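Bear in mind that the values in this text are calculations on the coordinates, not laboratory data. Model, not experiment: these values are computed from the prediction. Cβ sites come from the backbone with ideal geometry, for glycine too, and all protein chains shown count toward neighbours.
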Amino acid sequence: MADNLEQQGGTWHVRKSIPKDVRKEFGGRKILSKSLETGLRSEAMKRRLPYLTQWTAEIAAARLQAKAAKEDWRPDLAMLAGELDARIGAKLISASKGTLTFGELEPDEREVSKQMLLNELRLAIKDPETVQDFLALLEKATNAGSALDKVQGMADFMRAATAHICTSDYDLSPTEMTEAKAIVRDPTVYKPKSPITTARIEAFRKYREARAISAKNIDAQESKLEKLSAFLATSGKPLDFDCVSAWLDSITAASKTKTQYLNAGNTFWKWAMQNDARWKEDYKGVITPFERHDLPQLKGRAKKDAQRVAFEGSEITTLYAAAQDKKLHALADLILLGAYTGARIEELCQLRTENVIEDEGVQSFDIVDSKTVAGIRVVPVHPALAELVKRLMKDTKDGYLIPSKANNKYGIRSDLMSKAFGRIKKDLGFDRFHVFHSIRMTAITQLVRASVAGTIIAELVGHETGTVTYDVYSQGHSAAQKLEAISKLPTLPNR
């Protein structure tokens, strides 16, 4: 069954074995199986792939989940040891006052009690020799001379048994077992750690990767979760509303950035409450602590002053000339493409020769990679760009219209161009509210002032209109209509 297929009664089923180490997380099952509802092997070969992909991701997540559960042994043991210490302490006080008495049971009753304890030990401890070792400790405690010695002997027995059972249940290493014994002797040696563990973050990543979330988004949220985890570990605070509020106060950032931190926390919380058994148990009935935080919001004039600002047409000409003067010719070409398309910088940097197409007889840019669904669109080439596009297609070395040496791990090609543009605009005296995206704002403003219909503008620049009629039912404007509209972008003034 190398191809994970098995035929049952004329119908093909996809099957996958569950590794032994994660069967517990799958309810003890050994096999995952699903009917593909076809008797054709060729069709079954195609239909099996989504299931295999999903199951592989689930097994990986389950393995990380088991790893995360193992990390909980320290707080579990510390809590148990604390309770044990409290009981032992009470017995020691009674013994020291002479109020603790032994021997009330008849000999046969003591033997029954001993056998009951022996049975409990055998259930908890699998190794017969270890059981005998603990019974020896128990005999020593029972036969001690004074009541105080009896309690102390019993305490030694209980601590040793507790540490051993923890070691067995969590499959601890020798080093971890030594740590377990230390925690049992003194629960205060364990210092509370963040519940947002490395293993949980790894499991969260695997879950989201299996659902095709972008690597950039995953990395950004993971970074924020790691910062929260570090805060929890350092402060020793429980993960609750007040803790999250204190964490936000410790961050020097704008409200918009803090909102992103809250979104990361909330996304993780929802995942954990659905997919992490221990988390669900620990936070059962608890409302997410990442909501209802009152962050300061800019309003009115302050909000307007903080927004990006469009360039004037003459200013775009100045930027273009400055790029040419510094021999940044690729950036100069990019500025022109932005001015005559209103496209985003990364959309332009992703354009390849095969993205220059004929649409209903109109030369156009086929933008197939965008940040939104509406951003996937076809934009006619403005007449002022005709010669530039011809040259870029002729000179390309790698198929991209705009050459870039960027080596971004997310495949983003515009990083270096964006930074180069930032240096040029700063040298020319433009403030932080003027960015490359401001060129897009300029193009949209010019189309509005040229009385182009809003629905055509939205289609050209990749925005939704917010209406079902246009966003769902309409197939869009014709290439001729879009060319007429884009051609209303005015030719840039001379330097």
Distance in nm between pseudo-label sites at Ala453 and Lys46 (7 Å out along the Cβ direction from Cα): 3.9 nm
Amide hydrogen neighbours beyond the local backbone of Asp359, cut-off 5 Å, H modeled: Ser364
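Could you put Trp271, Trp55 in order, starting from the residue whose Cβ has the fewest other Cβ atoms within 10 Å? Can you show the working numbers first?
Numbers: Trp271 16, Trp55 20.
Ascending Cβ contact count within 10 Å gives the list Trp271, Trp55.
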Relative contact order of the range 175-327, pairs being alpha-carbon contacts under 8 Å that are 6 or more residues apart, as %: 19 percent
Derived scalar couplings ³J(HN,Hα) [the range 457-468; Karplus, 6.51 cos²θ - 1.76 cosθ + 1.60; whole Hz; x for Gly, Pro]: 4, 4, 5, 5, 9, x, 10, 6, 8, x, 10, 5
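Taking 0.36 nm per residue of sequence separation and subtracting the Cα-Cα distance, how much length would be gained by fully extending the chain between Lys327 and Thr38, in nm to one decimal? Intermediate results must be reported in sequence, preceding the final value.
Details: separation 289, 0.36 × 289 = 104.04 nm, distance 6.22 nm.
Once the chain is fully extended between Lys327 and Thr38, it gains 97.8 nm.
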Intensity falloff of the range 212-298 expressed as log10 I(q)/I(0), Debye formula with alpha-carbon point scatterers, at q = 0.20, 0.23 Å⁻¹: -1.02, -1.30
The range 217-284 versus the range 320-387: alpha-carbon centroid distance in Å: 40 Å
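Determine the gain in length on full extension of the stretch Lys30-Ile287; use 0.36 nm per residue of separation and subtract their C-alpha separation, reporting nm with one decimal. Mind dumping the intermediate values first?
Values: separation 257, 0.36 × 257 = 92.52 nm, distance 3.56 nm.
Stretched out fully, the Lys30 to Ile287 stretch lengthens by 89.0 nm.
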Mean Cβ neighbour count within 10 Å, used as a protection proxy, ranking 205-213, 438-446 highest first: 438-446, 205-213
Using θ = phi - 60° and Karplus 6.51 cos²θ - 1.76 cosθ + 1.60, couplings along the range 369-381 (whole Hz; Gly, Pro as x): 10, 9, 6, 9, 5, 5, x, 7, 7, 10, 10, x, 6
Segments 468-475, 338-345, 25-32, 358-365 sorted - mean Cβ within 10 Å per residue, highest first: 338-345, 358-365, 25-32, 468-475
Distant-in-sequence amide H partners of Arg377 (H built 1.01 Å from N, under 5 Å): Ile367
Length added when fully stretched, Lys409-Thr465, from 0.36 nm per residue minus Cα-Cα: 16.9 nm
For the range 180-196, 3J(HN,Hα) per residue [Karplus equation, 6.51 cos²θ - 1.76 cosθ + 1.60, θ = phi - 60°, Hz, x = Gly/Pro]: 4, 4, 5, 5, 5, 5, 8, x, 6, 6, 7, 9, x, 10, 5, x, 8
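Hey, with R₀ at 56 Å, roughly what FRET efficiency would Ala210 and Glu484 work out to, going by the Cβ-Cβ distance, to 0.05? Walk me through the intermediate numbers first.
Numbers: r = 46 Å, r/R0 = 0.81.
The value I calculate is 0.75.
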Pairwise centroid distance, computed over Cα atoms, of the range 460-495 with the range 42-57, Å: 41 Å
Under 9 Å, Cβ to Cβ, from Asp366 - net charge with Lys/Arg +1 and Asp/Glu -1: -1
R0 of 25 Å, Cβ-Cβ distance Ser250-Asn217: FRET efficiency to nearest 0.05: 0.55
Other-chain or far-sequence residues with amide H under 5 Å of Leu492's (modelled H): none
Separation in nanometres of the label points that stand 7 Å from Cα toward Cβ, at Lys419 and Leu5: 5.0 nm
